[in-house]
Every structure is written in structure tokens, then in C-alpha cells.
Amino acid sequence: MQQLGEITSVARIGTVGKRSLNVVVPLWYFLEMLKHIGQVTHRVKELREISGVSTDALAKDLDISGETYLGYENGSTHIPLSFLSKIAIRFHVDFAELLTGAAPRLHSFCLVRKGKGVSVERRHQYK
């Protein structure tokens, strides 16, 4: 529920047929999303530049126009997840790392030695 006086923004999240799907979000959240998108596009540009690939060559590899690619890279065009997935595959980076800028890490684990864990009753058909 929207609080009185809270500044909001309407973000278009997609379409179904000819209808637009919009979501109302607090302005601070919308601005954070824009900042995050800018960081993602910066990482995409860095990957391309480090690899020495031109924008036109990469656009051709991804089967999109050079104009569309530049729109994605400079953040002026909505970036589909499929594009980011292709970029991650093309440059051999983890998708999560491309989105967040940090390598995924395991924060906790549980080690159970054979025969030392909790006993579980199973059906006799289970092997």
C-alpha cells in the first residue's frame, strides 16, 4: 500500500499482446535500479573493450543491429535478460557476476560423513 506523500514512479516491465504491463515503485527504488543498470552496462562495455571487440562485430555475433547494441551498452534501451545471458556466454563470465559485479560465493555448508548423519526411514523399494 502506498503511503501518503511517498514519491513513486511507474516503470514499464513488459507487454502482453498490445497491453503494457506497468508497476508502480517508490522513486528511490527506481533510482537504485537505474544506478544498477548503469553498472551492468558499464561491465558489458568493459568486457567488450578488454576483449578488443568492436561494437559492430559484437552486435553481429549476437544477431542484433549495431544501433540496438549501442542502445543496450549506453543504457538508453531496455536490456533483455537474454542479451545479458548471451554476453555472459560470449565472454565466459558467470551471469550472476555480470549482474552483480561480484563472484558468487558459498556462505555456509554442512558436511556429513558417511554413516554419521541423521537416520532417515525409507520405503523398502528405495535403494
Taking all pairs of distinct alpha-carbon atoms in the stretch 33-100, Kirkwood radius in angstrom: 11.8
Roughly how many whole Å is it from the C-alpha centroid of the stretch 35-63 to that of the stretch 86-101? 11
Alpha-carbon radius of gyration plus Dmax, which is the widest Cα pair, for the stretch 87-127 in Å: 19.2, 49
Asp56-Ser85 pseudo-label distance in nm [points 7 Å out on the Cα-to-Cβ vector]: 3.0
May I ask you to evaluate 6.51 cos²θ - 1.76 cosθ + 1.60, the Karplus curve with θ = phi - 60°, for each residue of the stretch 83-97 and list the ³J(HN,Hα) values in order in whole Hz, giving x for glycine and proline? 5, 5, 5, 5, 5, 4, 5, 4, 9, 6, 10, 5, 4, 4, 5
Under 30 Å from the Cα of Lys18, which lysines turn up, not counting those fewer than eight places away in the same chain? Lys35, Lys60, Lys86
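We did not get these values from a lab; they are worked out from the coordinates using the rules stated. It should be emphasised that the depicted structure is a prediction, and the values quoted were computed from it without experimental measurement. Note that we place each Cβ from the backbone using ideal geometry, even for glycine, and neighbour counts take in every protein chain shown.
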